[in-house]
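Engineer: Would you mind keeping the following structure in view while I ask a few things?
The values are calculated or read from the model by the stated rules, or taken from the named source; none is laboratory data. Worth saying up front: this structure is predicted, and the values here are computed from it rather than measured. We place every Cβ from the backbone using ideal geometry, glycine too, and count neighbours over all the protein chains shown.
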Amino acid sequence: MRAHYKTIIALTWSMLQSYGLFAQWQGTSPVYYLNGNVGIGKSDPAHLLHIVSSTEDPPVNVTTPYAEMIFSKHSLSLKAKSGFSNVPYVAWHNSAGTRLGYMGWRTDALGLTLENGYNFSINGGNVGIGTATPALNLEIKAAGAPGVLIRDTDGGGDRPLLRFVGNTQLVFDSDDSGSKQFTFYSQFSQVRNNDAVLRIFGRTDNWGRYLELTHNGSQGIISTDIGSIILNPAGNVGIGSISNPSHKLTVKGTIRTEEVLVELIQGAGPDYVFEKNYNLLSLSEVEAYINENKHLPEVPSAKEMEANGLNLKEMNLLLLKKVEELTLHLIEKEKKMTALEDRIGQLEKNK
């Protein structure tokens, strides 16, 4: 009896196939079955499911209790069902079913989130990498040291142009090998965490050439690999190994220039030496002073100059004063010599 049932089922299946009843189901839109493929609105489906619609209405609408997936004329839409505030999203999983990442619309931003903690979002006109709420046109946030690299592929090349390295460096590359660079380096450390530091590197084999601008809270410093310049709150500038310049310009080393102009206050010049009431020391008084002090009157001693330095303005004025005093002595001596010559000449006539 069972053998008869099997025979009847086999004959029925053969008849259905021969009449093509499994090849087409007729309805509002015809459904076709061909070579294992199902076609809706397509008599010769080329895929497992092949849908063709000639109307403007969405040809496919997949609905769940929470969301709808709609294939329309130009787009694929995800729509939350009424009563649910969460917008549907697209997710990616590996073969084990573990979610690797997802993309969807948040309250006010489009986000791409990876399960390893990195994400990408567009919030209004702002783009965020590592943050869902970028505050600027581009904001990058990372738990470690974030980086940005801009490369140039013009002419078939591939060289870095601009790099943000970690949270400390901005690098401009000028050749393919990376051997020529300018690096803006902002230094943060346990010792100098309150300093404002900008360092510019010119790359050499050992990164030895640099220019550093620093403000440590008390003074500004311009440092290089060969020397430094310091500006303190008093407006004093120090060049060389100077920690706190005490004058408007303090230089540790030599100065070479074509000209130095020193401004003088009124009455600083020693013209008063030529006044009638000026107390000019006699040469005998000067001699006594030299014998006792081993230097000219008013002129600092060698030990004083070594200890206090030499004030060029004061010394030049003092030397000019001594030249003027010496001139007065020479004039006086010339008068005496002229008088003596006249007297000798008179004596010669009276012989």
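Engineer: Among the residues of segment 244-264, is any over 18 Å from residue 312 (Cβ atoms) and either assigned by TED's automatic domain parsing to the domain that holds residue 316 or modelled with pLDDT under 80 (or both)?
Structural biologist: In the first step, residues of segment 244-264 are kept if they are over 18 Å from residue 312 (Cβ atoms); the result is 244.
Then keep just the ones that are either assigned by TED's automatic domain parsing to the domain that holds residue 316 or modelled with pLDDT under 80 (or both); that gives none.
Checked against the condition, which is being over 18 Å from residue 312 (Cβ atoms) and either assigned by TED's automatic domain parsing to the domain that holds residue 316 or modelled with pLDDT under 80 (or both), segment 244-264 yields no hits at all.
Engineer: Can you report the number of residues in segment 300-325 which are more than 17 Å from residue 279 (Cβ to Cβ) and either assigned to a loop (DSSP other than H, G, I, E, B) or among the aliphatic types (A, V, I, L, M) (or both)?
Structural biologist: If we filter segment 300-325 for residues that are more than 17 Å from residue 279 (Cβ to Cβ), which is where we start, we get 300-317, 319-320, 323.
Keeping just the survivors that are either assigned to a loop (DSSP other than H, G, I, E, B) or among the aliphatic types (A, V, I, L, M) (or both) gives 300-302, 305, 307, 309-312, 315, 317, 319-320, 323.
Adding up the residues that qualify gives 14.
Engineer: Got a number for residues in segment 243-282 being touching a residue at least 12 places away in the same chain (Cβ under 8 Å) and within 34 Å of the chain's Cα centre (by Cα)?
Structural biologist: Total meeting the criteria: 9.
Table: residues versus (1) exposed (fewer than 12 other Cβ atoms within 10 Å of the Cβ); (2) aliphatic (A, V, I, L, M).
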site	(1), (2)
278	no, no
286	no, yes
300	no, no
307	yes, yes
325	no, no
329	no, no
333	yes, no
342	yes, no
349	yes, no
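Engineer: Could I ask something else about it? Sort through 235, 240 and tell me the only one that's within 43 Å of the chain's Cα centre (by Cα), closer than 30 Å to residue 214 by Cβ and surrounded by 10 or more Cβ atoms within 10 Å (Cβ to Cβ).
Structural biologist: On the way: 235 fails: surrounded by 10 or more Cβ atoms within 10 Å (Cβ to Cβ).
On inspection, the qualifying residue turns out to be 240.
Engineer: Given 87, 127, which one is at negative phi, among the β-branched types (Val, Ile, Thr) and modelled with pLDDT of 80 or more?
Structural biologist: Working: 87 fails: modelled with pLDDT of 80 or more.
Every option except 127 fails the conditions.
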